[in-house]
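Engineer: This structure is in C-alpha cells; I'll ask about it shortly.
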Amino acid sequence: MIPYSRQSIDEDDINAVISALKSDFLTGGKRVEEFEEALAAYLNIKYVCVLNSATSALHLTYQSIGLLKDDEIITSPITFAATSNAALMLGAKPIFCDIKYDGNIDEKKIEDLITKKTKAVVPVDFGGNPVEIKKIREICDKNELFLIQDASHALGSEVHGERVGFFADLAIFSFHAIKPITTAGEGGAIATNSKELYEKIKLLRSHGIVKKEVWNQDMIELGYNYRLSDVACALGLSQLKKLDSFIEQRAKIASFYDEAFKDNPYFFPVKIPPFAKSSYHLYPILLDRNLWCPKEDIYKALHERGVGVQVHYKPTYKFSYYEKLFGKMELKVSEDFYKAELSIPCHQMMSLEDAKFVSETLLEVLGSFGTCKR
Ligand SMILES: *Cc1c(COP(=O)(O)O)cnc(C)c1O
C-alpha cells in the first residue's frame, strides 16, 4: 500500500538521535535551543518555542493571548480537531467560518462572524496550500484581532515571497510523524515576533516555574510539561536540513499528477495560486458530484488496489461532542468539500513510477464507478 503521506528517516537522522542518546542531556540540553534557532532562521521569524505537539502549541498560543471563557475564535471546520479543541480547553468558543473549494477559510466570510467576544482568527493552510494571508491580515488589523496561523501542514510553504507563518502574530507547526518533518512521532512549535508572547509561552511550557538563585525557584503561573526532548530536537535538526529536498520531491510528484489529471472527467485537483508555493503535505482532489455517493466504495476499492487514499476532514462541527455543545450546523462549502475530497498519496518516499501507478489506478477505478442511489 502506498500511504497518502509518510515520514522518511535516513542514516543521518538515526545517527543524530544516537548521538543525542549518548549525550549528557536527554532533555533540557543545548539541542532544544539549536533546533529553535534553526527554525527561527528558516522561517525568518524572531522567536520559536518547540513543544511536545502542535496541540500543546495551540493550547499555549491561545492561553498566551489571554483567551478566556466565552471568548471566541474564528476558524475553519476543515482541519484536524485540535485547532478548535485547544480553544475549548480554555472555555472559549470556536466560531466556524465556511471555506472555499480549495479547503482554505473563505476570507470574505470572516468579517460577518466578528463579535465583541472575538479575540483571534485562526486560518489553516490546508494540505500546505497557503491561505489568503494578506487579506486575513488586513481584517485582523482593522478589527484588532490576533492572527494565529495553524500551519501544521505548511512548514516550508511560501506565500508572497515569505515562508508561511511570517505574516501571522503566532504560527503553529506540527512535527507529528507524517507532517512535513518529524521529531520522532510527536512534536510541535510556535513561531512569533513578539518577545512578550514568546516568554509567556516558554514559562507555561515548563510548569510556570522560574529559576531564582542557586536552588531556589518560584512558580508564578500554573503551567504544564509541554517540553520537547533533546532526543526529539536532534531528529528535528537533522530533518530540517532535508525539508527543502522533501518538498522538491513532493512537488515533482504533484506536477506529475497535475499533468496526468489534466482534463480528466472524474475530479479536479486543488490549484495552488501563483503567489504561493505549497509544501504538498497533501495532494487533495475533489470528486465530481456524481461520484460523491459511491465515495465509500471508491475508498475501499482504491485501498484494495494499494492506493492509500484518505479523507481530510470531517467538518469539526459534525463531531458529536461539538453537536452536544453547540447544536447541529451545516456550512455549504465545507459539507460539499467533505463529500468530494480525497487525499491521494504524495510524499518524499514516492518515485515517479509510484505516482504513475497511483494515477493510472485512480483513473481506472473511478472509471468503473457510476452514480449510485443511496
Ligand atoms: C496535525 C495537526 C494538528 C495537531 O498536531 P499534533 O502535533 O498531532 O498535536 C493541528 N492542526 C492541524 C491542522 C493538523 O493537521
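The values are calculated or read from the model by the stated rules, or taken from the named source; none is laboratory data. What you see is a predicted model, and the numbers here were worked out from it, not measured in a lab. Glycine also receives a Cβ, built like all others from the backbone with ideal geometry; neighbour counts cover every protein chain displayed. Surface areas here come from the heavy atoms of the whole protein model, side chains and all, with no ligands, DNA or RNA. Shrake-Rupley method; radii C 1.70, N 1.55, O 1.52, S 1.80 Å.
Engineer: Express in Å², to the nearest 10, the accessible area of Phe326 obtained by rolling a 1.4 Å probe over the protein heavy atoms while all chains stay in place.
Structural biologist: Only protein atoms counted, so the area is about 80 Å².
Engineer: Could you give the accessible area per residue of the stretch 132-171, probe 1.4 Å, as a whole number in Å²? Please report the intermediate quantities before stating the final value.
Structural biologist: Working: 1470 Å² over 40 residues.
Roughly 37 Å² per residue, with all protein chains present.
Engineer: Tell me the label-point distance for the pair Lys241, Glu213, using the 7 Å Cα-to-Cβ offset, in nm and rounded to one decimal.
Structural biologist: With each label point 7 Å from Cα toward Cβ, the separation is 4.3 nm.
Engineer: Also, I was wondering about something else. Which value in deg cm²/dmol, rounded to the nearest 500, describes the helix-derived mean residue ellipticity at 222 nm for the chain, given -39,500 (n - 2.57) per DSSP H run of n ≥ 4 and division by the residue count? It would help to have the intermediate numbers written out before the result.
Structural biologist: On the way: 11 runs with 138 residues, N = 374.
After summing the helix terms and dividing by residue count, I get -11500 deg cm²/dmol.
Engineer: Suppose accessible area is computed on protein heavy atoms with a 1.4 Å probe; arrange Leu228, Leu352, Leu90 from highest to lowest. List each step's numbers first, then the result.
Structural biologist: Details: Leu228 10, Leu352 80, Leu90 40 Å².
I get Leu352, Leu90, Leu228, largest accessible area first.
Engineer: Label the stretch 2-240 by shape, choosing from rounded, prolate and oblate, from the square roots a ≥ b ≥ c of the eigenvalues of the Cα gyration tensor; if a/c is under 1.5 it is rounded, and otherwise prolate applies when a/b is larger than b/c, oblate when it is not. Display every interim value, and only then the final one.
Structural biologist: Details: a/c = 2.05, a/b = 1.30, b/c = 1.57.
The shape class here is oblate.
Engineer: Additional query: For the stretch 243-367, what does the relative contact order come out to in percent, with C-alpha contacts under 8 Å and a separation of six or more?
Structural biologist: Numbers: 143 pairs, mean separation 45.9, N = 125.
Dividing the mean separation by the residue count of the stretch 243-367 yields 37 percent.
Engineer: Now for a different question. Can you list which of the DSSP-assigned H helices in the chain have a Cα extent of 24 Å or more along the long axis and an average Kyte-Doolittle score of at least -0.5? Numbers along the way, then the final one.
Structural biologist: Numbers: long enough: 230-260 (43 Å, 0.02).
Sorted by number, the helices that extend far enough and score high enough are 230-260.
Engineer: While we're looking at this one, here's another question. Probe radius 1.4 Å, ligands and nucleic acids left out: which of Asp258, Asp71 has the largest accessible area, and how do the rest follow? Show your work: numbers first, answer last.
Structural biologist: Working: Asp258 70, Asp71 20 Å².
Putting Asp258, Asp71 in descending order of accessible area: Asp258, Asp71.
Engineer: Hey, another quick one. Leaving ligands, DNA and RNA out of it, report the carbon-plus-sulfur percent of the accessible area of the stretch 2-240 at a 1.4 Å probe.
Structural biologist: Working: 5250 of 9890 Å².
That fraction is 53 percent.
Engineer: Using the Karplus curve 6.51 cos²θ - 1.76 cosθ + 1.60 with θ = phi - 60°, work out ³J(HN,Hα) for each residue of the stretch 160-166 in order, rounded to whole Hz, and write x for Gly and Pro.
Structural biologist: 6, x, 10, 6, 4, x, 4
Engineer: May I ask for the net charge around Lys356, where only other residues with Cβ less than 13 Å from the Cβ of Lys356 are counted and Lys, Arg are +1 while Asp, Glu are -1? Working shown, then result.
Structural biologist: Numbers: positive: Lys252; negative: Glu259, Glu353, Asp354, Glu360, Glu364.
After counting each charged neighbour, the total is -4.
Engineer: Give me, ordered by chain and number, the residues 5 or more places off Ile114 or on other chains with an amide H under 5 Å from its own placed amide H.
Structural biologist: Counting only residues 5 or more places away or on other chains, the set is empty.
Engineer: Quote to one decimal, in nm, the extra length available between Ile18 and Lys109 on full extension: 0.36 nm per residue of separation minus the C-alpha distance between them.
Structural biologist: Details: separation 91, 0.36 × 91 = 32.76 nm, distance 4.94 nm.
Additional length available on full extension: 27.8 nm.
Engineer: If Lys and Arg each add +1 and Asp and Glu each add -1, what is the summed charge of the other residues whose beta carbon sits under 14 Å from the beta carbon of Leu26? Walk me through the intermediate numbers first.
Structural biologist: On the way: positive: Lys22, Lys30, Arg31, Arg227; negative: Asp24, Asp230.
That sum, taken over residues with Cβ under 14 Å, equals +2.
Engineer: Given a cut-off of under 8 Å on Cα pairs at least six residues apart, what relative contact order in percent is computed for the stretch 2-240? Display every interim value, and only then the final one.
Structural biologist: On the way: 495 pairs, mean separation 63.1, N = 239.
With pairs under 8 Å counted, the relative contact order is 26 percent.
Engineer: Can you tell me how the stretch 82-201 classifies by the Cα gyration tensor, rounded, prolate or oblate, using a/c under 1.5 as the rounded cut? Can you show the working numbers first?
Structural biologist: Numbers: a/c = 1.44, a/b = 1.26, b/c = 1.14.
Here the stretch 82-201 falls in the rounded category.
Engineer: Can I ask one more? At 7 Å along the Cα-to-beta-carbon direction for both Lys262 and Lys30, put a label point, then send me their distance in nm to one decimal.
Structural biologist: About 5.3 nm separates the two model spin labels.
Engineer: Let me ask you something else. Tell me which of Gly188, His303, Ser76 sits at the most positive position along the dipole axis of the chain, charges placed on C-beta atoms (Lys, Arg +1; Asp, Glu -1).
Structural biologist: Going by the charge dipole, the pick is Ser76.
Engineer: Where does each of Trp292, Trp215 land when they are ordered by accessible area, with a 1.4 Å probe and the largest first? Walk me through the intermediate numbers first.
Structural biologist: On the way: Trp292 50, Trp215 215 Å².
So, going from the largest accessible area down, we get Trp215, Trp292.
Engineer: To continue, here is another question. Would you grab the residues whose amide H sits under 5 Å from the one on Val311? Only those 5+ places off in sequence or on another chain, please, with H modelled 1.01 Å from N.
Structural biologist: The answer is Ser343.
Engineer: Out of all DSSP beta bridges with both ends in the chain, state the antiparallel percent to the nearest 5. Please report the intermediate quantities before stating the final value.
Structural biologist: On the way: 27 of 43 bridges.
That works out to approximately 65 percent antiparallel.
Engineer: Going by average Cβ density within 10 Å per residue, which order do the peptides 196-203, 152-159 take, highest to lowest? Walk me through the intermediate numbers first.
Structural biologist: On the way: 196-203: 18.0, 152-159: 25.9.
Packing order, densest peptide first, comes out as 152-159, 196-203.
Engineer: Please report the carbon-and-sulfur percent of the accessible area for the stretch 316-359; probe 1.4 Å, protein heavy atoms only, DNA, RNA and ligands left out. Let's see the in-between values first.
Structural biologist: Values: 1300 of 2180 Å².
Summing carbon and sulfur atoms, their accessible area is 60 percent of the total for the stretch 316-359.
Engineer: Another one. Using the Cβ atoms and a cut-off under 14 Å, what net charge is assigned to the surroundings of Phe268, where Lys and Arg are +1 and Asp and Glu are -1? Before the final figure, lay out the partial values.
Structural biologist: On the way: positive: Lys100, Lys262, Lys271, Arg289; negative: Asp102, Asp258, Glu259, Asp263, Asp288, Asp336, Glu341.
Summing Lys and Arg as +1 and Asp and Glu as -1 gives -3.
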